[in-house]
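First the structure, in the form of structure tokens, and then the observations on it.
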Amino acid sequence: MQLLGSEATQTRTQTQLTRGTNDLTYKQSAENIFNHDSAYDKQRKNLNDMIRNYVKNYHDQNRICLIDIYKYINYHSMNDIKQRDIIWDDFVYLKADGYDLMTKIIFQEIFNKIHQQS
């Protein structure tokens, strides 16, 4: 990718993900960003673990709810390729059926949490 301005002569590898108003540009190739063994993936997993531990150890469990979408619709762990193609648009974004599934998961988790408390 050629950059404009004073850096116009430098070539850089960048990945831009554009989806509606959700745009992300990163100074790495898509292969590096989404490589399951990459340092970035390990950092993402580490951050997710930190969030899970925070929720698990939060002092008032009635006031917090973690809905781990990764656990339910993880792109890389889906063995059914046809199902994955129905749900996932790419490594990052879901298709309409994927968002419908995510909505059902969120509803069910919140419903279960509310009924646990009553």
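The values are calculated or read from the model by the stated rules, or taken from the named source; none is laboratory data. Being a predicted model, the structure only gives us computed values, none of them experimental. Backbone-built Cβ (ideal geometry, glycine too); neighbour counts: all protein chains shown.
Overview of results
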| quantity | calculated |
| --- | --- |
| Wholly within the stretch 1-97, helices (runs of 4 or more DSSP H) carrying at least 3 residues that are farther than 25 Å from K113 by Cβ and modelled with pLDDT of 80 or more | 39-57, 81-87 |
| Single residue of the stretch 47-61 satisfying the filter (surrounded by 10 or more Cβ atoms within 10 Å (Cβ to Cβ) and of a type in the set (S, T, N, Q)) that is nearest to the chain's Cα centre (by Cα) | N48 |
| Filter result (surrounded by 10 or more Cβ atoms within 10 Å (Cβ to Cβ) and out of contact with any strand residue (DSSP E or B) (no Cβ under 8 Å at 6 or more places or on another chain)) within the stretch 63-76 | I64, C65, L66, I67, D68, I69, Y70, K71, Y72, N74, H76 |
| Cross-chain or 6+ apart pairs with Cβ under 9 Å, the stretch 77-92 first and on the phi < 0 side of the Ramachandran plot and touching a residue at least 60 places away in the same chain (Cβ under 8 Å), then hydrophobic (A, V, I, L, M, F, W, C) and exposed (fewer than 14 other Cβ atoms within 10 Å of the Cβ) | V92/L24 |
